[in-house]
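Engineer: Please see the structure below; I have some questions.
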Amino acid sequence: MKILGIETSADDTGVALIEASGKFGTDFSFEILANVVDSQSDLHAKYGGIYPNLAKNKHKENLPRLLQQVLGGPDAPQIDAIAVTHGPGLEPCLWTGINFAQELSKKWNIPVVPVNHMEGHIIISALTSGNDAISNFKFQISNEIQFPMLSLLISGGHTELILSREWMRYEYIGRTRDDAVGEAFDKVARMLGLPYPGGPHISRLALEARSSKLEAHFKLPRPMIHEKNFDFSFSGLKTSVLRMVEAHSPLSDELKRQIAREFEDTAADVLISKTMRAAEEHGAKSIVIGGGVSANKHIRARFAEECEKAGILLLIPPQEFSTDNALMIALAGYFRAQRKEFPDAHSLSANGALKLDNTGN
Ligand code: KG4
Ligand code: ZN
């Protein structure tokens, strides 16, 4: 099956084309025919966050150009289905992708498969772990994903622990009670005068601190780390950083690096402690890490260490597939298309707060 993927849930516009065959767990393999992303971060950098209407207009402008790039010519393509993100995310942005998919569906007379963005993150992490992110590459899935599989989803809008007792079934076991961890990275970056999205900038400063053995002389609180539940909270941590910044303003470059390092350590400590405890309690055999924050090198390295110690298989995507892209939507779309999940054109709609479910639907 050839699947076209379309992603417009936040500020990245993505279009991808894959050819996939086989069933999960037996003979599944896929080839990336094209995968392009237009990140709007420059546009949003000066505002320190995403402006939905600006993002929506940018998606509208980007989609025809990216599609042209992916198809490589004017001929009607041999595509079996169009997978499009229908949630969660910013609704004006989601609608842009959905409307575009529906137009193509009418024009080419092929079905649209709606995809949950978070399922896309889980599936791409689970299936591309251990590979290099090169396009035109054929993936023969070799790792044996073992269940129960615990997914930690960490992005700009989500921080969640989800248990799958089988492929494509999801039970929420923990989530953030306030800010998402990516949002905390972005807000702390802003306090340090760094552009949006802040995660990669914090990560760079923290790495500079570590490689020059620059230790922080202060400790940030590790929110909820000792509580028995699997929920998170990042807003108090953000406030602690703000107090520190206000007390020492203007910040020296050295203090900025110390704050970045201590903040990254704190985020990693909390994510690891909750995830490993959840894995133990639920007997997880694999841990999936997905979403934009899973691009963080320090967090990746710490999870690799912990999973090795615990004898649990770690599934984490190549860095480039951590952040939003349409390949993940095409992949999830393939498994959904196999189940013939094609709603009629009128029932397809954007749902900003869409959840994953445990029914296998
Ligand atoms: O999954 P994603 O691309 O978009 C959403 O669905 O939200 O995640 C974006 C988030 C942003 O908050 C960004 O700062 C964060 O991922 N991020 C990182 C890194 N790269 C991206 N956070 C920490 N370290 C990174 N290297
Ligand atoms: Zn995402």
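Engineer: Could you please give the count of residues in the stretch 269-322 that are within 12 Å of ligand 1 (Cβ to nearest atom) and under 18 Å from ILE162 (Cα atoms)?
Structural biologist: Qualifying residue count for the region: 9.
Engineer: Also: Could you count how many residues in the stretch 203-241 are among the aliphatic types (A, V, I, L, M) and assigned to a helix (DSSP H, G or I)?
Structural biologist: Total meeting the criteria: 6.
Engineer: Examine the stretch 209-223 for a residue that is open to solvent by less than 20 Å² (accessible area, probe 1.4 Å) and either in the same structural domain as PHE28 (by TED's automatic domain parsing) or closer than 30 Å to GLY25 by Cβ (or both), and state whether such a residue exists.
Structural biologist: No, every residue in the stretch 209-223 fails to be open to solvent by less than 20 Å² (accessible area, probe 1.4 Å) and either in the same structural domain as PHE28 (by TED's automatic domain parsing) or closer than 30 Å to GLY25 by Cβ (or both).
Engineer: A further question on this structure: Please go through the stretch 181-206 and pick out each residue that is hydrophobic (A, V, I, L, M, F, W, C) and within 7 Å of ligand 1 (Cβ to nearest atom).
Structural biologist: PHE185, ILE202
Engineer: Let me ask something else. Residues that are surrounded by fewer than 18 Cβ atoms within 10 Å (Cβ to Cβ): which helices (runs of 4 or more DSSP H) entirely in the stretch 242-351 hold 3 or more of them?
Structural biologist: Ranges flagged: 253-281, 297-310.
Engineer: Can you give me the ranges of the strands (runs of 3 or more DSSP E) entirely in the stretch 146-202 with at least 2 residues that are open to solvent by 40 Å² or more (accessible area, probe 1.4 Å) and more than 16 Å from ligand 2 (Cβ to nearest atom)? Please lay out each step first, then the result.
Structural biologist: Values: elements: 149-154, 159-164, 171-175.
Of the strands (runs of 3 or more DSSP E) lying wholly inside the stretch 146-202, those with at least 2 residues that are open to solvent by 40 Å² or more (accessible area, probe 1.4 Å) and more than 16 Å from ligand 2 (Cβ to nearest atom) span 171-175.
The values are calculated or read from the model by the stated rules, or taken from the named source; none is laboratory data. No experiment lies behind these values; they were computed from the predicted model shown. Glycine gets a Cβ as well: all are built from the backbone with ideal geometry, and neighbour counts include every protein chain shown. Each accessible area value is taken on the protein alone, full model and side chains, heavy atoms only, with ligands, DNA and RNA left out. Shrake-Rupley method; radii C 1.70, N 1.55, O 1.52, S 1.80 Å.
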